[in-house]
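Take a look at the structure below.
The values are calculated or read from the model by the stated rules, or taken from the named source; none is laboratory data. Model, not experiment: these values are computed from the prediction. Note: ideal-geometry Cβ built from the backbone for every residue, glycine included; neighbour counts use all protein chains shown.
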Amino acid sequence: MPQEYRNTASLPVPPYGVLRVSGVEWVSPGRVRLVAGQFDRFGCQYDAVVNGPVWVPAGGVGEAHSASPCAVLYDKGDGTPVAGERWGPRAGGWSLRRQTGGFAVLGVTNPDEGLVLVQPAPMLSLIGKVDGAHNRGTTATVSIYAGPLGGETDTQHDLVGVYNRFGDVPAGKWVRCVWNDQHQQWELVAAEC
């Protein structure tokens, strides 16, 4: 069922573009609408909706859905999605990108228009390498790695503010990070010895 939203981005949302929900606003008694705009980070957890079939201007009101399965724009520059792959949003875009979490690909519906059939698959875990020493009880930056098991490469995207509650981790070590739902933040849970 479509949900009304207000576009908070300074750009129009294309048909079937993916948006990040940042809140709700009171419209009238008994009626609220979502507040959504472009993603400001790598991947998504439970905060994505998909624009309907029409352009929505900056500051405008449109309809979005979060139902599964759904058609979403994908970045054709990343190749053609394959069933089973994970694609997701990145900061500053409206389309899904390869090797980014958030959605599981069911199949390409319209390659000419760049539409892919997906279902939500929140990105709750990833691997990377710490950019600098990451001491216990602090936050640090982690470079995100993706690709085939054992052959992962740097995506050139970082997680900033990853919390480490365990032990000190030297720079350049592999780490596993998970999304902490309670605090809405990434947390380091395992590190290379």
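Quick notes
- Counting the residues of region 52-70 that are closer than 18 Å to residue 103 by Cβ and either among the β-branched types (Val, Ile, Thr) or modelled with pLDDT of 95 or more (or both) gives 2.
- Residues that are part of a loop (DSSP other than H, G, I, E, B), over 20 Å from residue 183 (Cβ atoms) and hydrophobic (A, V, I, L, M, F, W, C), drawn from region 121-173: 133, 149, 171
- Residues that are loosely packed, with under 15 Cβ neighbours inside 10 Å and within 27 Å of residue 17 (Cβ to Cβ) do occur in region 135-151.
- If the condition is being of a type in the set (Gly, Ala, Ser), loosely packed, with under 13 Cβ neighbours inside 10 Å and not in a strand (DSSP E or B), then region 68-112 contributes 77, 79, 83, 84, 91, 92.
- Failed condition for residue 136, given (1) more than 20 Å from residue 44 (Cα to Cα); (2) modelled with pLDDT under 95: (2)
- Within region 22-42, being in contact (Cβ under 8 Å) with a residue 12 or more places away in the chain, of a type in the set (S, T, N, Q) and part of a strand (DSSP E or B) holds for one residue alone: 22.
Conditions tested, residue by residue: (1) without any contact (Cβ under 8 Å) to a residue 40 or more places away in the chain; (2) of a type in the set (Ser, Thr, Tyr).
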| residue | (1), (2) |
| --- | --- |
| 44 | no, no |
| 55 | no, no |
| 66 | no, yes |
| 86 | yes, no |
| 91 | no, no |
| 101 | no, no |
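- Residues in region 155-167 that are more than 17 Å from the chain's Cα centre (by Cα) and not hydrophobic (A, V, I, L, M, F, W, C) were compared, and the one that is surrounded by the most Cβ atoms within 10 Å (Cβ to Cβ) is 164.
- Among (1) under 14 Å from the mean Cα position of the chain (by Cα); (2) not assigned by TED's automatic domain parsing to the domain that holds residue 18, the one test that residue 130 misses: (1)
- Selected residue [outside any strand (DSSP E or B), modelled with pLDDT of 95 or more and of a type outside the set (Asp, Glu)] from 19, 11: 11
- Looking only at residues of region 12-37 that are touching a Lys or Arg at 6+ places or on another chain (Cβ under 7 Å) and not aliphatic (A, V, I, L, M), we find that the one that is nearest to residue 123 (Cα to Cα) is 37.
- Residue that is outside the structural domain of residue 49 (by TED's automatic domain parsing) and at pLDDT 95 or above, where the choices are 95, 143: 143
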